[in-house]
Amino acid sequence: MFEIIIAWRHITASPRMVLFPVLAVALAVMVIAAMMGLMESYREEIVSSTVENSPYLTVEPKEGEDYIHLYKTLSSVIWGYPGVEAVSPRLLGMAAAKYREQVKGVSIIGIDPLLEDPLLGVQSDLVWGDFNDLAFKKHSAIVGAKLASDLKLKPGDGFYLIRKGVSLKLTPAGYIRTGTGADESLVYLPLETAQRLMGEGDVVSEIGVRTSDLYEGPAIASGLSRDSFYKAQSWQDKSRNLLNLLDTQRFFTYLFYLLIFVISGFGVVNTMIMTISRRTREIGILMAIGANRGSIIKIFMAESLILGPPSAALGCLLAYVAAKLIEAFPIEIPAEVYAASRMSILLSPEIFAYAVAFAIMVDLAAGLYPAYKASRMDPVEAIASA
Amino acid sequence: MNIIVAKKLRKVFGNGVELLALDDVNLTILEGEFLSITGPSGSGKSTLLNMLGLLDKPSGGEIWLKGREVSQSSSLERSQLRNKELGFIFQYHHLLPEFTALENVMIPQLIAGADKKAARHRSEELLREMGLVERLNHKPSELSGGQSQRVAVARALANRPSIVIGDEPTGNLDTKSSEMVYELLRKLNREIKQTFILVTHDMNMAQKTDRILRLVDGRIVSEMRRENGGFVECL
């Protein structure tokens, strides 16, 4: 393939000429790889924080009822489904937390800690205390770390939970930090204590279920809804809006990638056109000695494509450095807004593969027009050009 | 044997205001001929050469190359004919600047699909004949004008073409180098019966060829053929 020999010689003869298109594409590759890494990490964090902080599957009361009464029976039915790893009846409600002069609205969750911990792994989120204490200390609570800080609550201090005239004095048994907005309102209570506070008797609001496979939830949910009159929802059903939002965000990110593609492509086109006008006479000579139009296209396409691998390699290297910097200097973001507490980046091998494909695609697309233009030159005019 | 026959060859340039560059030119060139085309600037010499060299298409008429009508051949076919049947030598050597003398001679062979090793061998042989054996790996910028033009001659001969076309091949050389290039072409003409068609302003050079065509305003106005050591008018 003499075309590749000529293209390679052109490139090596003018390294400065190719430096800018290589840099332009490398920067584009870096931005895209880093963006993809950030988006992927954000998506993963959102999914994992959603999954970590809520059950994979939730069984809710029958139509027209506010609570599940026969929750112990229903729990044993749920245990009968294959792949079920944890089942935890939960009573949810709203209350006011009062400590000295501070009052805050809170979300309470009444649970049996021995059942809830296998469901959500609460203990691992505690920054202080022991989740299992709730099993033995009826007047204790696990309090959201931000809530405790807002109330200026210290370990060992008593605080009050108040709801519809019922007031209970509780002692913090631990502080929890999930990294989400729940940290400023969450209070875990022993189930019996929560039932006393709610005043609805021996009932729960929902039964949380964990399955061995994250994506088995929808199948079990539809089985439960069909076999019983209880409403079962998987985390995917509950987070539909969030997942749709992430998909919309992904769509706009792709548009952004397309813009970067076009802008970096113009850089390459510009250089290729300059190269071709500089080599007009040479193109004429090649035609005179027998190179056909296809060969001229191949020469300049090869010239453009040769720029792909170094651009991709440099871009990937820059993206890797950017990722390391982002990891080394954590950037905090408001968890209430972004549902994640810090910016993180996840550069998987697929991202690098996409980045390499991107660089090659840019160079391929950008080389087409200049190469075609070169091949349409009139050899007589090309040779006579100054 | 006729190697090139041009019949009523016409070339009109321009849109709107038209310029008749070639006006019904009839020409027959025999195999092994050493022919020159002369004439004042703008007389149509280079245009005729571009037509015969299949670099440009005529507006009318026919060109027969080795018994085949080629004036309206496809772009691909013309490329193949230029590569295999024709060799070009330009006024400025027009060597590819990034390639060595050896590589410049190899390229037409590689275009023709020759094996790299065979192309290298043939190129070394040609450059040796041109007296450039010590300049094989020099780039055009490291060669003198005469040396570059000899590399261009080697390149033109690389694929053993039927015809070598030269557009003022010595026009940019000093007298000594011109003489050296002329002697080289003449030697090839005598030894391997290579057909040469040269366009030249230089009457001294033209008078060393076997036939001189004079073009004025796109028409052949005179034709002189070498006979018994002199030239006789035959048009």
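Data overview
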| quantity | calculated |
| --- | --- |
| Among the candidates A:Leu168, A:Leu115, A:Leu134, residue that is out of contact with any Lys or Arg (no Cβ under 6 Å at 6 or more places or on another chain), farther than 30 Å from A:Met343 by Cβ, free of Cβ contacts under 8 Å to residues at least 40 places away in the same chain and in a helix (DSSP H, G or I) | A:Leu115 |
| Residue under evaluation A:Val77, criteria (1) modelled with pLDDT of 95 or more; (2) closer than 21 Å to A:Ile220 by Cβ, criterion not met | (1) |
| Members of segment A:68-92 that are in contact with a helix residue (DSSP H, G or I) (Cβ under 9 Å, 6 or more places away or on another chain) and part of a loop (DSSP other than H, G, I, E, B) | A:Tyr81, A:Pro82, A:Gly83 |
| Segment B:13-39: number of residues that are loosely packed, with under 15 Cβ neighbours inside 10 Å and either at pLDDT 95 or above or β-branched (Val, Ile, Thr) (or both) | 2 |
| Segment A:242-285, subset out of contact with any helix residue (DSSP H, G or I) (no Cβ under 7 Å at 6 or more places or on another chain) and under 30 Å from B:Leu157 (Cβ atoms), residue nearest to the other protein chains (Cβ to nearest Cβ) | A:Glu282 |
| Filter result for the condition that a residue is among the small types (Gly, Ala, Ser), in contact with a helix residue (DSSP H, G or I) (Cβ under 8 Å, 6 or more places away or on another chain), within 14 Å of chain B (Cβ to nearest Cβ) and loosely packed, with under 15 Cβ neighbours inside 10 Å, over A:Gly201, A:Gly294, A:Gly290 | A:Gly294 |
| When residues of segment A:8-31 are limited to those that are assigned to a helix (DSSP H, G or I), in contact (Cβ under 8 Å) with a residue 12 or more places away in the chain and within 11 Å of chain B (Cβ to nearest Cβ), the one farthest from A:Ile296 (Cα to Cα) | A:Ile11 |
| Complete set of residues in segment B:178-235 that are assigned to a strand (DSSP E or B), closer than 19 Å to B:Gln149 by Cβ and of a type in the set (Phe, Trp, Tyr) | B:Phe196 |
| Scope segment A:68-118; condition under 19 Å from A:Leu191 (Cα atoms) and surrounded by fewer than 18 Cβ atoms within 10 Å (Cβ to Cβ); matching residues | A:His69, A:Leu70, A:Lys72, A:Thr73, A:Ser76, A:Leu92, A:Met94, A:Ala96, A:Ser107, A:Asp112, A:Leu114, A:Pro118 |
| Residue in segment A:319-335 that is surrounded by fewer than 18 Cβ atoms within 10 Å (Cβ to Cβ), more than 14 Å from chain B (Cβ to nearest Cβ), of a type in the set (D, E, K, R) and in contact (Cβ under 8 Å) with a residue 60 or more places away in the chain present | no |
| Residue match in segment B:186-207 (condition: over 30 Å from B:Leu9 (Cα atoms) and surrounded by fewer than 21 Cβ atoms within 10 Å (Cβ to Cβ)) | yes |
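The values are calculated or read from the model by the stated rules, or taken from the named source; none is laboratory data. The shown structure was predicted, so the numbers you read here are calculated from the model rather than taken from an experiment. Every residue, glycine as well, gets a Cβ built from its backbone with ideal geometry; the counts of neighbours run over all protein chains shown.
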